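The values are calculated or read from the model by the stated rules, or taken from the named source; none is laboratory data. Because the structure is predicted, anything quoted here is derived from the model rather than measured. Note that each Cβ is placed from the backbone with ideal geometry, even for glycine, and that neighbours are counted across all protein chains shown. Side chains are part of the model used for accessible areas, which takes the heavy atoms of the whole protein and leaves out ligands, DNA and RNA. Shrake-Rupley method; radii C 1.70, N 1.55, O 1.52, S 1.80 Å.
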Amino acid sequence: MVFSVDSKVKEIYEHEQGRAVLEQYLPKLTRTPSFQMTLGMSLRTLCSFAQWKLTGEQLDQLDQDLKSIQ
């Protein structure tokens, strides 16, 4: 499976390398009480919320890191 910022958070989180990428860019995500509510969202949507806002450069780098997962 190829991951990207358009993948669902749940799909990324369920993959060991994907989870590591999430932790790198959004280290508090999995420890927040609302984490379960984010699982059905795309990562792009999640990163548009003020709490998880990433710059365009960060989002591009995150996308590249996700796409490089084997």
At a probe size of 1.4 Å, how large is the accessible area of Lys8, to the nearest 10 Å²? 90
What net charge is computed for the residues neighbouring Val21, neighbours being all others with C-beta under 13 Å from the C-beta of Val21, Lys and Arg scored +1, Asp and Glu -1? -4
Asp65, Asp6, reordered so the largest accessible area comes first (probe 1.4 Å): Asp6, Asp65
For Thr30, Thr45, Thr38, give me the order by solvent-accessible area with a 1.4 Å probe, most accessible first, ignoring ligands, DNA and RNA. Thr45, Thr30, Thr38
Per residue, what accessible area does the chain have, given a 1.4 Å probe and all protein chains present, in Å²? 64
With Trp52 itself left out, Lys, Arg at +1 and Asp, Glu at -1 over residues whose Cβ is under 14 Å from its Cβ give +3
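Quick one: pull the percent of accessible area on the chain belonging to carbon and sulfur, 1.4 Å probe, ligands and nucleic acids left out. Write out the running numbers ahead of the final one.
Values: 2280 of 4500 Å².
Solvent-exposed carbon and sulfur of the chain make up 51 percent of the total.
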